[in-house]
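K.L.:
My structure is below; once you've seen it, I'll send some questions.
The values are calculated or read from the model by the stated rules, or taken from the named source; none is laboratory data. The shown structure was predicted, so the numbers you read here are calculated from the model rather than taken from an experiment. Cβ: placed from backbone, ideal geometry, glycine included. Neighbour counts: every protein chain shown.
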Amino acid sequence: MTGTWNAQTQCLGAFIRNRRKLARLSLRQLAEMTSLSDPYLSQLERGLHLPSVRVLKLLSEALNVSAETLLAQVGLFDLASSGDGAAAADEPPASSVESAISADERLADQQKAALIAVYRSMLPP
């Protein structure tokens, strides 16, 4: 269980770091936007801590990403099965990259979801 938790927190940290860099924010700027400390954000990005839901909400607002997406990074929310079907209709069709990730049997479902979320976060709106 510790290995899974560590992988999840590292995945979340990498996702947060990626979103921060895409937004062209320094750690200090993100800290100011969220009222969190620079060292704490650095530890989150390195996967050393699992943030509370309150912290995830602050980060989601500052990084312009849904809280559900952040929760999915640590396996606490399943983006694929969330909602009443309307969300699935709003989703873009799976790209060949997403299909390849989904088809890779070497990856766990949580790893697949994390990779797809990171991939989607890098696409232009």
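Residue-wise test of (1) within 10 Å of the chain's Cα centre (by Cα); (2) modelled with pLDDT of 85 or more.
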residue: F15; (1), (2): yes, yes
residue: L63; (1), (2): no, yes
residue: L71; (1), (2): yes, no
residue: E98; (1), (2): no, no
residue: S102; (1), (2): no, no
residue: R106; (1), (2): no, yes
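K.L.:
Residue by residue through segment 6-62, note down the ones that are closer than 14 Å to S121 by Cβ and of a type in the set (S, T, N, Q).
P.N.:
Answer for segment 6-62, where residues must be closer than 14 Å to S121 by Cβ and of a type in the set (S, T, N, Q): N18, S60.
K.L.:
Residue under question is T69, and the condition is that it be surrounded by 15 or more Cβ atoms within 10 Å (Cβ to Cβ) and over 20 Å from A117 (Cα atoms); does it hold?
P.N.:
So T69 does not fit the description; no.
Here is a yes/no grid of residues against (1) modelled with pLDDT of 95 or more; (2) crowded, with 18+ Cβ neighbours inside 10 Å; (3) touching a helix residue (DSSP H, G or I) at 6+ places or on another chain (Cβ under 6 Å):
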{"residue": "Q8", "(1), (2), (3)": "no, yes, no"}
{"residue": "R20", "(1), (2), (3)": "no, yes, yes"}
{"residue": "A31", "(1), (2), (3)": "yes, yes, yes"}
{"residue": "L41", "(1), (2), (3)": "yes, yes, yes"}
{"residue": "E45", "(1), (2), (3)": "no, yes, yes"}
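K.L.:
OK, next. Anything in segment 99-116 that is in a helix (DSSP H, G or I) and either in contact with a helix residue (DSSP H, G or I) (Cβ under 7 Å, 6 or more places away or on another chain) or closer than 16 Å to A7 by Cβ (or both)? List them, or say none.
P.N.:
I101, S102, D109, Q110, Q111, K112, A113, A114, L115, I116
K.L.:
Of all residues in segment 105-122, which are under 14 Å from V65 (Cβ atoms) and out of contact with any Asp or Glu (no Cβ under 9 Å at 6 or more places or on another chain)?
P.N.:
Across segment 105-122, the qualifying residues are A114, A117, V118, S121, M122.
K.L.:
Of the residues L50, L27, which is surrounded by 14 or more Cβ atoms within 10 Å (Cβ to Cβ) and modelled with pLDDT of 90 or more?
P.N.:
L27
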